[in-house]
Each structure stands twice: as structure tokens, then as C-alpha cells.
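Throughout, read-outs are computed from the coordinates displayed, never taken from laboratory work. Every value quoted in this text rests on a predicted model; they were computed, and no experiment measured them. Reconstructed Cβ throughout: ideal geometry from the backbone, glycine too, with neighbour counts over all protein chains shown.
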Amino acid sequence: MKIGFVGLGNMGAPMARNLLKNGHSLQAFDLSEDALRSLAQAGAAVCASPKQAAADAELVVTMLPAAAHVRSVLTDEQGVLAGIAPGVTIVDSSTIDPASAQAFAKLAAAHGNAFVDAPVSGGTGGAAAGTLTFMVGASETLFAEIAPVLGAMGKNIVRCGDTGMGQVAKICNNLLLGITMTGVAEAMSLGAALGIDPKVLAGIINTSTGRCWSSDTYNPYPGIVETAPASRGYTGGFGADLMLKDLGLAAEAARGAKQPIFLGALAQQLYQTMSANGQGGLDFSAIIALYRHHAAQQ
Ligand code: NAD
């Protein structure tokens, strides 16, 4: 397929490379010249605008930081909607709020295009390995149309419901992740302060009822999980500021639904404190620094 791809950041670049590896041809655009140069070396055609990336494309994929970027990439004078042919589907894999995804679907429909929300989990490692989970909000027909393409970038492609439901699944998962990471940080720090060997404590938690992904795969205490960011100075993972963004999306969606999120609101404030302390660029598991002074520097 000829695919227009806009947004070649930490996630978008490796996803685009996997499309190329699977035999698709790419028309790529990003604001970063470096990102474009690097993808051109992998075989993509470089474009001067989202409009050009969408022209002649049989599918358009966007992977951008937040809803404001998606709106401008879609609707600017040089945007996707100015260049795309009628009937071509737009797949947005950015994490944004469900209401914006639904609004973008209406805008696209007015141009004769379908818009699908397909946010991902699996991080930069999953993006590089092509093992992402895609949470898709689309009709069954549209899902069947795009699932094979998403299969080149991920291994778990799930239809969560109609437009917006992919984002609902994504923000609910990340709400829980923000809370469990804070909980594990709290328990590990308390145990260490009370004198137990952190490795012994982690071993007990991971074979007991407190076990979760934040404890057994991504433990925030340094030296427990060799491959976790905590064991390499909290670098190269999922940035705390991105977690803060996702908790904000959950809070906003919850406000609209008049649904309380007690622990999510607290977690949001904790990550906001981390960000205010200048640590928003660290992996989100560095939240443990709020419990262990200088933990992020160890
Ligand atoms: P990133 O900041 O690394 O990349 C975003 C890219 O978009 C950048 O290259 C930037 O230049 C480009 N961009 C911004 N505005 C643009 C515009 N107007 N036109 C063209 N390009 C533009 O972000 P990322 O880590 O790749 O994340 C992308 C999305 O995926 C976010 O919504 C994030 O929440 C979500 N996500 C990230 C991860 C992760 O581990 N990093 C995991 C799952 C989901």
C-alpha cells in the first residue's frame, strides 16, 4: 500500500520503518528534518507537508504528541484533509481524548474520509519490535480494512468499539498504570526504609497478591529488574510528562462523564509534582524519587 505517515518521533519512526519492512511504500512528513532524513535512508519518500504526504496515499497514519497537533495536521491549509482523496482512511495512533477523536471523525466524514482512533501500548521497544497493541475505535468494516496494515506494526490488534473507544481503552489502562506505579514505589520505599532487602521484598510481592506489571516487569526500585529504566537512571522509557498528559486526558474524560477518579486525581498531582521538580523528562517510574530522596540520581 502507498501510505502517508505524519509524525516520526520516538514511536512514529520505528512504526514507519516496520511498514517499509513489510513492503509498503511511505510518503512521510515531520517537522524535524533529522527525523525525515533518517526515514528517507530507510526508503521513505520525504514530503514537504501533511497535504503532500496524503496526496495519492491509500491510507494515512498520524502519530503525534497531542490532540492540538492532530487538529493542525488534519485541518491546516497544508494539512492532510487538503490533500487526501475521498474514501481514503485516516488512522490516528496518537494518544488523545476520546471526544477529540470523535470530533476529528466528524470533520473527516465531511470530507468523505473515515477517521479511526488506534492508540497503542507497548512503548518504544514494542514499536521497534513490531509488537505493539493497537486499541481501535472503528466500525467492523473499517477495522477489517485497516487491521492487516496495523499488523505490520503490532501483534495484538483489538477492536474496542466505535470511534473514540480505542482512546477510552488507552486512557483507562494508563490511568491504572499511573496508579499502580505509584503504589509499587510507595510499598518498595516503605519496605526499604523499614530495613528489608528490596530484592527480597520485590520477590515476595511478585509471588503474592500485590504483583502487577509495575512490580514484576518495570519495578521502580533500582536494581530489581535489569531491563527496567530504574536500573539505568530512569532514562529511555515512558516519560513522566507523557504519563501526566494521559492522566489529564483521563481526568478530563471523567469530568465529562461525571465519574469520580479519586486515585487517578492523586496520581496526577504526584506526576505534576515530579514535573514541577524538573523530572518530567525522566521515565515515569522515577516517581519513586518522591519517596526516596535522590532516587532518580542513583
Ligand atoms: P514524540 O514527541 O517523540 O514524537 C512526536 C513527533 O511528532 C515529533 O517527531 C514531532 O516533530 C512531530 N510533530 C509534532 N507536530 C507536528 C506537526 N504539526 N507536523 C508534523 N509532525 C509533527 O512522541 P512519541 O513518543 O512518538 O509519542 C507519540 C504519541 O504516542 C503520543 O500521543 C504519546 O502519548 C503516544 N505514546 C507514546 C508512547 C511512548 O512510549 N513514547 C507509548 C504509547 C503511546
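If you average the sequence gap of Cα pairs under 8 Å that are 6 or more apart and divide by the length of segment 168-296, what percent do you get for the contact order? Please list the in-between numbers first.
Numbers: 177 pairs, mean separation 39.6, N = 129.
The normalised contact order for segment 168-296 reaches 31 percent.
Starting from the Cα gyration tensor of segment 2-161, take the square roots of the eigenvalues, sort them a ≥ b ≥ c, and report rounded, prolate or oblate (rounded when a/c is under 1.5, otherwise prolate if a/b is larger than b/c, else oblate). Provide the component values of the computation, followed by the final result.
Details: a/c = 1.42, a/b = 1.06, b/c = 1.35.
Here segment 2-161 falls in the rounded category.
By how many degrees, 0 to 90 and rounded to 10, does the Cα axis of helix 262-274 deviate from the longest principal axis of the chain?
90 degrees
Quick one: which residues, 5+ away or cross-chain, put their amide H under 5 Å from the amide H of Leu132? H built at 1.01 Å from N.
Residues meeting the amide H criterion: Gly154, Lys155.
Restricting to bridges with both residues inside segment 2-161, how much of the DSSP beta-bridge set is antiparallel, in percent to the nearest 5?
So the antiparallel bridges in segment 2-161 amount to around 10 percent.
Give the long-range amide H neighbours of Val91: residues separated by 5 or more places, or on another chain, with amide H under 5 Å away, using H modelled in the peptide plane at 1.01 Å from N.
Val60, Val61, Thr62, Val116
Mean 1/r over all different Cα pairs, inverted: what Kirkwood radius does the chain give, in Å? Display every interim value, and only then the final one.
On the way: mean 1/r = 0.0501 Å⁻¹.
Hydrodynamic radius (Kirkwood, Cα pairs) of the chain is 20.0 Å.
Among the DSSP beta bridges whose two residues both lie in the chain, what percent are antiparallel, rounded to the nearest 5? Intermediate results must be reported in sequence, preceding the final value.
Working: 4 of 28 bridges.
The antiparallel fraction comes to roughly 15 percent.
Give me the dipole magnitude in Debye, nearest 20, for the chain about the Cα centre, with unit charges on the beta carbon: positive for Lys and Arg, negative for Asp and Glu.
Numbers: 17 positive and 21 negative charges, 65 e Å.
Approximately 320 debye in magnitude.
Under a GNM of the chain (C-alpha, springs under 10 Å), which listed residue has the highest mean-square fluctuation: Leu59, Leu176, Leu247?
Leu176
When a/c reaches 1.5 or more, the comparison of a/b and b/c decides; with that in mind, is segment 1-56 rounded, prolate or oblate per its Cα gyration tensor? Don't skip to the answer; put the middle values down first.
Working: a/c = 1.58, a/b = 1.04, b/c = 1.52.
Taking the square roots of the gyration eigenvalues as a ≥ b ≥ c, segment 1-56 is oblate.
Over segment 28-93, calculate the relative contact order: mean separation of alpha carbon pairs under 8 Å at least 6 apart, over the residue count, as a percent. Mind dumping the intermediate values first?
Working: 85 pairs, mean separation 22.9, N = 66.
The normalised contact order for segment 28-93 reaches 35 percent.
Would you mind classifying segment 168-296 by shape? Square roots of the alpha carbon gyration tensor eigenvalues, ordered a ≥ b ≥ c; an a/c under 1.5 is rounded, otherwise it is prolate if a/b is larger than b/c and oblate if not. Walk me through the intermediate numbers first.
Numbers: a/c = 1.93, a/b = 1.52, b/c = 1.27.
Cα axes put segment 168-296 in the prolate bin.
As I understand it, the dipole of the chain uses +1 on the Cβ of Lys and Arg and -1 on the Cβ of Asp and Glu, about the Cα centre. Which of Ala68, Gly126, Gln167 lies farthest toward its positive end?
Of the options given, the answer is Gly126.
How many angstrom separate the Cα center of segment 1-68 from the Cα center of segment 136-215?
27 Å
Remind me, relative contact order of the chain in percent, using alpha carbon pairs under 8 angstrom and six or more residues apart?
Values: 586 pairs, mean separation 37.7, N = 298.
Relative CO of the chain lands at 13 percent.
Less than 16 Å apart at the alpha-carbon level, and either on another chain or at least 8 residues along: which aspartates and glutamates does that give for Lys245?
Hits, sequence-local ones excluded: Asp97, Asp283.
5 Å is the cut-off here: which amide hydrogens, built 1.01 Å from N in the peptide plane, fall below it relative to Gly164, excluding neighbours closer than 5 in sequence?
Answer set, sorted by chain and number: Asp117, Gly137.
Give me a comma-separated list of calculated 3J(HN,Hα) values for segment 101-110, in order, Karplus coefficients 6.51, -1.76, 1.60 applied at θ = phi - 60°, integers in Hz, x for any Gly or Pro.
For segment 101-110, the Karplus-derived couplings read 4, 5, 5, 5, 5, 5, 4, 5, 4, 5 Hz, x marking Gly and Pro.
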